[in-house]
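K.L.:
Here it is: the structure, laid out below.
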Amino acid sequence: MTYQTIRYSVADAIATIVLARPEKLNAFSVLMKEELMDALDRIDADDAVRAVVLTAEGRAFCAGADISGGTDGFIDGAEAQIRNPDGTFNYASEAARDGGGQFTLRVFRLTKPLIAAINGAAVGIGATMLLPADIRLASEKARFGFVFARRGIVPEAASSWFLPRIAGISKALEWCCTGRMIDAAEALAGGLVSRVLPEDELLPAAYALAREIADNCAPVSVALTRQMMWQGLGQGHPMEAHRIDSRGVLARGYSADAAEGVAAFLEKRQPRFPQAVSRDMPDYYPWWQEPDYS
């Protein structure tokens, strides 16, 4: 796929995705969603990629859905695809699925850690698309807005699942029910981002984190750890986590990566992990039952 709304590159084991519609404040469109999902597929298929940095071009990160054409910007499918003959909505139609949610669910399934470097305003889908990122860093100029109620709609992109788990239910409801803009300091205090940095330090900090992962950690272990944490947010008892932990410790403890990790530690050198996500995930992966999205 030739990209029109994003830029994609890989260098030294780090993939970079840049939202690249600065003249539209990187407004999220159907085409941008398709290109982002294609880039994520490329990342998962490329064992040379160890970590991902997501950022944007220009003064905004993403100003929200592209609604230059009216409310059609909120819906991916044509009306004929989402209505029954009697005029009621066909909620089971694939075309009725929220496009932002399709993207965040794809990020959720990613096997590589994703670091978001938020350079400016992130509004609507621009804010919710960031929630499944593993680490979120913000420029001092960043602002966030869960503005859906002010547009007569509701939160999307599975944010009703992600946001309360990140910021807590009270803060999530405050931000979404007021729909007001919040600055980087409030985002940091509320746990939405882990660090606020001067503008010129944002990308270097994101790449430093990506480099630390790429240089020091086993890709298969990182992929498993990422899913253990995210999938664990839906578990009802620590015994569920114990079962998965036990499988991981057993399978990985006998792996070539574990042997290399111990040898590198004892020999005081950088590890050279031999196993790859594309071929060496353990036989219990994936351990969760994917839900029916209809």
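K.L.:
Among the listed residues ALA133, ALA157, identify the single one that is in the same structural domain as LEU25 (by TED's automatic domain parsing), under 12 Å from the mean Cα position of the chain (by Cα), under 24 Å from VAL49 (Cβ atoms) and surrounded by 24 or more Cβ atoms within 10 Å (Cβ to Cβ).
P.N.:
Of ALA133, ALA157, the one residue that is in the same structural domain as LEU25 (by TED's automatic domain parsing), under 12 Å from the mean Cα position of the chain (by Cα), under 24 Å from VAL49 (Cβ atoms) and surrounded by 24 or more Cβ atoms within 10 Å (Cβ to Cβ) is ALA157.
K.L.:
Additional query: Here is a list: ASP200, ASP183. Which entry is over 27 Å from ARG109 (Cβ atoms) and either surrounded by 14 or more Cβ atoms within 10 Å (Cβ to Cβ) or aromatic (Phe, Trp, Tyr) (or both)?
P.N.:
ASP183
K.L.:
Right, next: For segment 210-239, name all the residues that are out of contact with any Phe, Trp or Tyr (no Cβ under 9 Å at 6 or more places or on another chain) and free of Cβ contacts under 8 Å to residues at least 12 places away in the same chain.
P.N.:
GLU212, THR225, MET229, GLN235, GLY236, HIS237, PRO238, MET239
K.L.:
While we're on this one: Scan segment 208-217 and tell me whether some residue there is in contact with a Ser or Thr (Cβ under 6 Å, 6 or more places away or on another chain), modelled with pLDDT of 95 or more and in the same structural domain as ALA117 (by TED's automatic domain parsing).
P.N.:
Filtering segment 208-217 down to residues in contact with a Ser or Thr (Cβ under 6 Å, 6 or more places away or on another chain) leaves none.
Looking through segment 208-217, none of the residues is in contact with a Ser or Thr (Cβ under 6 Å, 6 or more places away or on another chain), modelled with pLDDT of 95 or more and in the same structural domain as ALA117 (by TED's automatic domain parsing).
K.L.:
Please return the ranges of strands (runs of 3 or more DSSP E) entirely within segment 142-209 where 1 or more residues are aliphatic (A, V, I, L, M) and either touching a Phe, Trp or Tyr at 6+ places or on another chain (Cβ under 7 Å) or closer than 25 Å to GLN231 by Cβ (or both).
P.N.:
Qualifying strands (runs of 3 or more DSSP E): 181-183.
K.L.:
May I ask you to list the residues in segment 3-18 that are in contact with a helix residue (DSSP H, G or I) (Cβ under 7 Å, 6 or more places away or on another chain) and crowded, with 17+ Cβ neighbours inside 10 Å?
P.N.:
Result: TYR3, THR5, ILE6, TYR8, ALA13, ILE14, ALA15, ILE17.
Yes/no matrix, rows are residues, columns are (1) farther than 20 Å from ILE43 by Cβ; (2) touching a Gly at 6+ places or on another chain (Cβ under 8 Å); (3) in the same structural domain as THR55 (by TED's automatic domain parsing):
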site: VAL222; (1), (2), (3): no, no, no
site: MET228; (1), (2), (3): no, yes, no
site: GLY236; (1), (2), (3): yes, no, no
site: HIS242; (1), (2), (3): yes, no, no
site: ALA251; (1), (2), (3): yes, no, no
site: SER255; (1), (2), (3): yes, no, no
site: ALA258; (1), (2), (3): yes, no, no
site: PHE273; (1), (2), (3): no, yes, no
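K.L.:
Do we find a residue being within 14 Å of the chain's Cα centre (by Cα) and in a loop (DSSP other than H, G, I, E, B) anywhere in segment 112-122?
P.N.:
Within segment 112-122, one or more residues are within 14 Å of the chain's Cα centre (by Cα) and in a loop (DSSP other than H, G, I, E, B).
K.L.:
From the set of residues in segment 210-219 that are among the small types (Gly, Ala, Ser) and in a helix (DSSP H, G or I), which is nearest to ALA127 (Cα to Cα)?
P.N.:
ALA210
K.L.:
Restricting the search to segment 86-123, which residues are among the polar types (S, T, N, Q) and buried (at least 22 other Cβ atoms within 10 Å of the Cβ)?
P.N.:
Matches in segment 86-123: THR104, ASN119.
K.L.:
Of everything in segment 127-161, what is in contact (Cβ under 8 Å) with a residue 24 or more places away in the chain and of a type in the set (Ser, Thr, Tyr)? Give them in sequence order.
P.N.:
Those that are in contact (Cβ under 8 Å) with a residue 24 or more places away in the chain and of a type in the set (Ser, Thr, Tyr): THR128, SER139, SER159.
The values are calculated or read from the model by the stated rules, or taken from the named source; none is laboratory data. Source: prediction; values computed, not measured. Cβ coordinates were reconstructed from backbone atoms using ideal geometry, including for glycine residues, and neighbour counts include every protein chain displayed.
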